[in-house]
Amino acid sequence: MEIYRLSAIDIKEGILKGDFKVKEVVEAYLKRIEETEKKIDALLFVNSEQALKQAEEMDKKGPDPEKKLWGVPVVVKDVLTTRDIKTTCASKMLENFVPFYDSEVVKRLKESGAIIIAKSNMDEFAMGSSTENSAFKITKNPWDLTRVPGGSSGGSAASTAAYQCPVSIGTDTGGSIRQPAAFCGVVGLKPTYGRVSRFGLIAYGSSLDQAGPITRSAKDAALVLSVIAGKDPKDSTSSSEPVPDYLALIDNFKDLKGVKIALPKEYWEYELDKDIDKKSKEFFELLKSLGAELVSISLPHTKYAVATYYIIVMAEASSNLARYDGVRYGYRAKDVKELIKMYTKSRSEGFGFEVQRRIILGTYVLSAGYYDAYYKKAAQVRRLIRDDFLSAFNSCDVILTPVSPILPFRLKEKIEDPLQMYLADIFSCGLNLSGLPGLSFPIGLGEREKLPVGVQFIAPPFKEEVLLGIYNKVEKELTPLPEPYGLVS
Amino acid sequence: MKISKEEVQNIAKLARLEIAEDKMELFSRQLSQILEYMELLSEVDTTDVEPLYSPIEHMTPYREDEVIREYSRKEVLSNAPEDDGKYFIVPKVVN
């Protein structure tokens, strides 16, 4: 098999066994990036020079079996800071921003022997569901180049789907790992809030943001999570909950006998794309045939999730993005002689339309007179949404839901109607409001459109091994997806 | 309209943004639509429900107050649009 098709686990093992060198791995992926990138535009920066140099140094030293990702190339979403490598958030505001520190996620990846091979495209400041809000380029879905890859981690998901890397890192505030993973036919894990440090993750919605892996298998996701998870003194919301050996734990799921999987009726009775509906029903049968017990539940506050989520995330965004003032870093408007004008011009010229929309709405819901009606109200409904989930877990191991009610849509199809775009987050954002972990994975291609269909498992806090364990078992029973159609020449 | 152009202009000013005149119509229409949709929450009875601001409800832990030199001045200034090697420079504030 060609190196670029291997999993992260097989790459590491291949290097340890001496089948190939780190340099060969890096070269294989750089070549693959060159071949596919002109079709999908997933990346903002390819770190070729440094990656090759690092590979040579690693080969000189020889493999270190203790390092979990030795020689594994990783693509990182451009919202995570990388020391001496531009980190733009796909915004004109940070077009020339070169951080002098690594985000904790990147630091841990590097320490485990991973190679940062590229930074990926995204919706500006992670605000969007299609990656069309990037200030720099439009990423295409590898399955159909006329369609969006989803967002906001669309570059990371498309990159993993196109075999530009075995593993990419995305971030998920309201679905931004899981929805693009579903759209591109790959596996996306949004860890429990607090599982992974947010230090160096450029803030959007601080009570919601989490970074996580986008891979092509349960095992690779487990391996990467075991590297990036854990307490970090630099993020006070990171949890000191011990990090288990996810890879070892998921093998404990020998079968699905006695596993209780709950289907929330508010999700499955929602108007779903026919392909998603049909594939999912086939998937239910598969789960039953493996011994799982499917039970119906109700999450009564589901219909309020989108409104609650957008009030909270916009409020947090307006506060977080106040830091971009043209003083310490970022874009500064030229030739402005007065301070307030300098702030205003820099922000108005540096931020794109969607970012400005969210800052203004966030400022509105936090302003005197509206705070109680919007922000406080949303925070109260947020608790009700979380309570729905937590009480559901009294009677099941995991919850199974669609990731998105719709299949990957066409480029430009929805960008003019922000509310319609927001509404499609109905199945993904409740989980962030509740801080729960979720795993999105492909269950096959739809019959009519031949596009990937994804579903997600949701687990109680810090039960990532349950998500990964159940999916690892199921994965072997599903027909593997073919080469993404947009890349077949 | 849930929110008038004047209101949008005012809020934008608070957020240190200015919306171009030709985008204003579209912008306030979209903002109104979104805010109208958010009205949905008013039908939920939240009497006595404690707001949930973060999924982590534990107290923010204290750490030792130690001085650690993590970054140099040069590094901290390295992305400044304007600096003099010591300080960030902004347009003159006092006369």
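The values are calculated or read from the model by the stated rules, or taken from the named source; none is laboratory data. Quick caveat, the model's predicted, so the values are computed rather than measured. Counting neighbours? That spans all protein chains shown, and the Cβs are built from the backbone with ideal geometry, glycine included. These accessible areas exclude ligands, DNA and RNA; they are computed on the full protein's heavy atoms, side chains included. Shrake-Rupley method; radii C 1.70, N 1.55, O 1.52, S 1.80 Å.
Among the residues making up segment B:28-59, those that are surrounded by fewer than 14 Cβ atoms within 10 Å (Cβ to Cβ) and not charged (D, E, K, R) are B:Ser42, B:Thr47, B:His58, B:Met59. When each of A:Asp84, A:Asp78 is tested for being charged (D, E, K, R), crowded, with 24+ Cβ neighbours inside 10 Å and out of contact with any helix residue (DSSP H, G or I) (no Cβ under 6 Å at 6 or more places or on another chain), the lone residue that passes is A:Asp78. Within segment A:265-283, the set of residues being open to solvent by less than 30 Å² (accessible area, probe 1.4 Å) and either in a helix (DSSP H, G or I) or acidic (Asp, Glu) (or both) comprises A:Tyr267, A:Asp275, A:Ile276, A:Ser280, A:Phe283.
Taking segment A:158-170 as the range and being within 11 Å of A:Ile40 (Cα to Cα) and not in a loop (DSSP other than H, G, I, E, B) as the test, the residues that pass are A:Ala158, A:Ser159, A:Ala161. Any residue at all in segment A:156-173 that is on the phi < 0 side of the Ramachandran plot and within 14 Å of chain B (Cβ to nearest Cβ)? Checking segment A:156-173: at least one residue is on the phi < 0 side of the Ramachandran plot and within 14 Å of chain B (Cβ to nearest Cβ).
Which of the residues spanning segment B:1-17 are closer than 18 Å to A:Met314 by Cα and either of a type in the set (Phe, Trp, Tyr) or open to solvent by 80 Å² or more (accessible area, probe 1.4 Å) (or both)? Answer for segment B:1-17, where residues must be closer than 18 Å to A:Met314 by Cα and either of a type in the set (Phe, Trp, Tyr) or open to solvent by 80 Å² or more (accessible area, probe 1.4 Å) (or both): B:Asn10, B:Lys13, B:Leu14, B:Arg16. Could you please let me know if A:Ser236 is over 17 Å from A:Pro461 (Cα atoms), within 14 Å of another protein chain (Cβ to nearest Cβ), surrounded by fewer than 24 Cβ atoms within 10 Å (Cβ to Cβ) and out of contact with any Asp or Glu (no Cβ under 8 Å at 6 or more places or on another chain)? Here the answer is yes, as A:Ser236 does meet what is asked. Please verify whether segment B:69-86 includes one or more residues that are closer than 30 Å to A:Leu423 by Cβ and of a type in the set (S, T, N, Q). No, every residue in segment B:69-86 fails to be closer than 30 Å to A:Leu423 by Cβ and of a type in the set (S, T, N, Q). You will find that of A:Thr139, A:Thr131, A:Thr173, A:Thr146, the residue that is touching a strand residue (DSSP E or B) at 6+ places or on another chain (Cβ under 7 Å) and either surrounded by fewer than 24 Cβ atoms within 10 Å (Cβ to Cβ) or hydroxyl-bearing (Ser, Thr, Tyr) (or both) is A:Thr146 and no other.
The residues of segment B:67-88 that are hydrophobic (A, V, I, L, M, F, W, C) and either open to solvent by less than 100 Å² (accessible area, probe 1.4 Å) or within 11 Å of chain A (Cβ to nearest Cβ) (or both), listed by number, are B:Ile68, B:Val76, B:Leu77, B:Ala80, B:Phe88. Restricting to segment A:239-264, name every residue that is open to solvent by 30 Å² or more (accessible area, probe 1.4 Å) and within 14 Å of another protein chain (Cβ to nearest Cβ). Scanning segment A:239-264 gives A:Ser240, A:Glu241.
The requirement of being hydrophobic (A, V, I, L, M, F, W, C), farther than 15 Å from A:Asp277 by Cα and in contact with a Phe, Trp or Tyr (Cβ under 8 Å, 6 or more places away or on another chain) is not satisfied by A:Ile443. Restricting segment A:302-333 to residues that are among the β-branched types (Val, Ile, Thr) and touching a residue at least 40 places away in the same chain (Cβ under 8 Å), the residue that is nearest to A:Lys92 (Cα to Cα) is A:Val313. Taken over segment A:16-36, the criterion of being surrounded by 17 or more Cβ atoms within 10 Å (Cβ to Cβ) and assigned to a helix (DSSP H, G or I) is satisfied by A:Val22, A:Lys23, A:Val25, A:Val26, A:Glu27, A:Ala28, A:Tyr29, A:Leu30, A:Arg32, A:Ile33, A:Thr36.
For segment A:463-489, a residue qualifies if it is part of a loop (DSSP other than H, G, I, E, B) and surrounded by fewer than 21 Cβ atoms within 10 Å (Cβ to Cβ), and the qualifying residues are A:Lys463, A:Lys476, A:Glu477, A:Leu478, A:Thr479, A:Pro480, A:Leu481, A:Pro482, A:Glu483, A:Val488, A:Ser489. Of the residues making up segment A:89-103, those that are open to solvent by less than 10 Å² (accessible area, probe 1.4 Å) and either over 22 Å from the mean Cα position of the chain (by Cα) or more than 11 Å from chain B (Cβ to nearest Cβ) (or both) are A:Cys89, A:Ala90, A:Ser91, A:Met93, A:Ser103. For the condition more than 7 Å from chain B (Cβ to nearest Cβ) and either under 24 Å from the mean Cα position of the chain (by Cα) or open to solvent by less than 30 Å² (accessible area, probe 1.4 Å) (or both), A:Ser404 qualifies. Of all the criteria given as (1) surrounded by 24 or more Cβ atoms within 10 Å (Cβ to Cβ); (2) in contact with a helix residue (DSSP H, G or I) (Cβ under 8 Å, 6 or more places away or on another chain); (3) farther than 23 Å from A:Tyr29 by Cβ, the one not satisfied by A:Val167 is (3).
The set of residues in segment A:421-464 that are among the aromatic types (Phe, Trp, Tyr) and in contact with a strand residue (DSSP E or B) (Cβ under 6 Å, 6 or more places away or on another chain) comprises A:Phe427, A:Phe441, A:Phe457.
Can you confirm whether segment A:63-73 contains a residue that is open to solvent by less than 10 Å² (accessible area, probe 1.4 Å), over 28 Å from A:Ser348 (Cβ atoms) and outside any loop (DSSP other than H, G, I, E, B)? Checking segment A:63-73: at least one residue is open to solvent by less than 10 Å² (accessible area, probe 1.4 Å), over 28 Å from A:Ser348 (Cβ atoms) and outside any loop (DSSP other than H, G, I, E, B).
For beta carbons closer than 7 Å, sequence separation of 6+ or different chains, a first residue in segment A:257-268 that is more than 15 Å from A:Val455 (Cβ to Cβ) and a second that is part of a strand (DSSP E or B) and open to solvent by less than 40 Å² (accessible area, probe 1.4 Å), the qualifying pairs are A:Lys260/A:Val295. A search for C-beta distances below 7 Å between a residue of segment A:120-146 that is at pLDDT 95 or above and any residue that is open to solvent by 30 Å² or more (accessible area, probe 1.4 Å) and polar (S, T, N, Q), counting only pairs 6+ apart in sequence or on different chains, returns A:Asp123/A:Asn133; A:Glu124/A:Asn133; A:Met127/A:Asn133. Looking across B:Glu64, B:Glu25, one residue alone is within 24 Å of the chain's Cα centre (by Cα), surrounded by fewer than 16 Cβ atoms within 10 Å (Cβ to Cβ) and either under 17 Å from A:Ala315 (Cβ atoms) or not basic (Lys, Arg) (or both). It is B:Glu25.
Taking the numbered list (1) among the β-branched types (Val, Ile, Thr); (2) out of contact with any Leu (no Cβ under 6 Å at 6 or more places or on another chain); (3) open to solvent by less than 50 Å² (accessible area, probe 1.4 Å) in turn, A:Ile385 passes all entries but (2).
Of the residues making up segment A:444-453, not a single one is of a type outside the set (A, V, I, L, M), open to solvent by 10 Å² or more (accessible area, probe 1.4 Å) and within 14 Å of chain B (Cβ to nearest Cβ).
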